[in-house]
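Let me begin by presenting the structure, written as structure tokens, before commenting on it.
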């Protein structure tokens with residue numbers, strides 16, 4: 001069960017200890033919690049080093065829950081690296097891109113704002129793509145998302 005942990009003062013004895021109250025999260029929030037933790041870990045450590053147990057610890061869930069949402073570490077990797085992370089990048093980019101008012105300085109400010117906002121995710125994606133490039137095995141889904149992210153980056157640079 002994925003939970004959000006909230007610390008509240010213990011009732012009764014005055015020990016100063018905090019009691020953990022568990023809140024049940026909606027399945028979509030649980031999945032997003034797992035994907036966020038996996039993106040963070042895959043973006044800072046090589047794929048082969050990151051374990052499902054580490055991902056579970058990072059998001060405060062049981063290892064079994066990760067396997068409830070994802071078939072295995074490879075499925076989680078494919079989900080987080082491209083479908084989720086590229087989706088985040090594209091959503092952030094598209095959200096801000098529509099604010100153009102034909103003023104070059106305003107457009108430049110929007111472009112910088114978009115890139116400053118997505119820079120941490122983009123940095124993780126570059127690291128993950130470099131790890132993927134070193135794999136001997138290719139995956140059609142990952143290759144497709146990789147091409148989408150390259151196209152998005154090229155389009156973003158041309159718009160400036």
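Somewhere in region 9-28, is a residue in contact with a helix residue (DSSP H, G or I) (Cβ under 6 Å, 6 or more places away or on another chain), modelled with pLDDT of 55 or more and either farther than 16 Å from residue 127 by Cβ or in a helix (DSSP H, G or I) (or both)?
No, region 9-28 contains no residue that is in contact with a helix residue (DSSP H, G or I) (Cβ under 6 Å, 6 or more places away or on another chain), modelled with pLDDT of 55 or more and either farther than 16 Å from residue 127 by Cβ or in a helix (DSSP H, G or I) (or both).
Find the residue count for region 124-143, including only residues that are out of contact with any helix residue (DSSP H, G or I) (no Cβ under 7 Å at 6 or more places or on another chain) and either surrounded by 18 or more Cβ atoms within 10 Å (Cβ to Cβ) or within 17 Å of residue 88 (Cβ to Cβ) (or both).
2
The values are calculated or read from the model by the stated rules, or taken from the named source; none is laboratory data. Since this is a predicted model, take the numbers as computed values, not measurements. Heads up, the Cβs are rebuilt from the backbone with ideal geometry, glycines too, and the neighbour counts pull from every protein chain shown.
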